[in-house]
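The values are calculated or read from the model by the stated rules, or taken from the named source; none is laboratory data. Bear in mind the structure is a predicted one, so any value in this text is a computation, not a measurement. When we count neighbours, we look across all protein chains shown, and the Cβ atoms used for this are built from the backbone with ideal geometry, even at glycine. For the accessible areas, the whole protein counts, side chains as well, though only heavy atoms, and no ligand, DNA or RNA atoms are used. Shrake-Rupley method; radii C 1.70, N 1.55, O 1.52, S 1.80 Å.
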Amino acid sequence: MTTLHEHLATWSAADPNRGPLADTVAAIAAAAAQLAIVVAQGPLAGDVSRLLGASADGDGQKALDAYANTLFLDHLRTAPVAAVVSEEVNDPVVLNPGGVLAVALDPLDGSNNIDLNAPLGTVFSVLPAKTPGAPQSSFFLVPGSVQLAAGFVLYGPHTSLVLTLGDGVNIFTLDRKQGVFVLTRPSVTIPAGTREYAINASNARQWPLPVRAFVEECVAGRDGPRGVDYNTRWLGAVVSEAYRILVHGGIYLYPGDIRPGYRRGRLRLLYEASPIAFLIEQAGGTATDGYTRTLDIVPTDIHEQAPLIFGSKDKVDRVIELYTESVPQAGQRPLFATRGLFKS
């Protein structure tokens, strides 16, 4: 079985310029393997859900958030990385000023799941660093289409590293005895025809009309325009949703909505939406904010939020179609009508 180290060695041997990227991915994987041990210990590792202070997402920074952030920064100091943007730090962190790469990451996605023994993850994006001496933030204010590599780690019953180097998607599984990632799912392609959608339905009244219309079609099932019954999934961590869609298909929706602070969604463009969009496209899927391909969006701030809809191409294309078309007002559609299912 091929290890991640062997995979990277073979890949980088084809081009000497690939060496720095291979070293950076290896550093991220080493940090993830170490974090996986702590995650698996749960309460035995201490009070890892302890609240340390405020965070940009409003949920508060947990002890495990801070630990994960420090762990990844320490490992990335050994790689040719000029600067890092992390969800846990307000400004870019300078590591190696002469480095040729920049990394954006969410060290611990889904930290609200810590106490629930539910999925957690790490999301990362690797970008080229611009001319030394340029402001570090300028490395990151570029469209996602310039990413050199992207991936995420899912800490579940087993730990999976999902990776693209721009030539397809591979999934590696952590061999905890050996402490190495092993290739277990090469050349992943998103299956078509899966009848599942993932969205937080508690916010239905806040959604934009195209999202309401699409979900209505799914809820209508075999009696509606889609002609088949659908199942709902919602796992509370975008990495777990992305993993499920990569191996099983379906669609994930986190739109912007009318709540204060959510008009541009909640996911961060640089270190959540863009890397996941890169992976999804490499696996044959589509990712959008409803109007624009996610990888074409240029951030204006390193912590900028963005709506994200991704998954099987046919389903995402239908959502894009609804955004493009003039959809009826919510009160004119059966599910949300004044005489609809929600009428008391």
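Annotations for the structure displayed:
- Sub-9 Å Cβ pairs linking a first residue in the range 307-333 that is at positive phi to a second residue that is at pLDDT 95 or above and of a type in the set (F, W, Y), at least 6 apart or interchain, are G311/Y197; G311/Y252, ordered by first then second residue.
- Filtered by the rule that a residue be open to solvent by less than 50 Å² (accessible area, probe 1.4 Å) and under 21 Å from W207 (Cβ atoms), the range 281-303 gives T286, A287, T288, D289, G290, T294, I297.
- Tallying residues that are closer than 22 Å to L269 by Cβ, at pLDDT below 90, small (G, A, S) and in a loop (DSSP other than H, G, I, E, B) within the range 120-156 yields 1.
- Only listed residue being more than 14 Å from the chain's Cα centre (by Cα) and either in a strand (DSSP E or B) or in contact (Cβ under 8 Å) with a residue 24 or more places away in the chain (or both), chosen from G284, G236, G227: G284
- Checklist (1) under 17 Å from G311 (Cβ atoms); (2) at pLDDT 95 or above; (3) not small (G, A, S) applied to T194, failing item: (2)
- Out of T189, T173, sole residue that is touching a His at 6+ places or on another chain (Cβ under 6 Å) and at negative phi: T173
- Scanning the range 184-231 for residues that are open to solvent by 20 Å² or more (accessible area, probe 1.4 Å) and in contact with a Cys (Cβ under 7 Å, 6 or more places away or on another chain) yields a count of 2.
- Matching residues in the range 1-49 - criterion: being exposed (fewer than 13 other Cβ atoms within 10 Å of the Cβ) and under 21 Å from L108 (Cα atoms): Q41, P43, L44, D47
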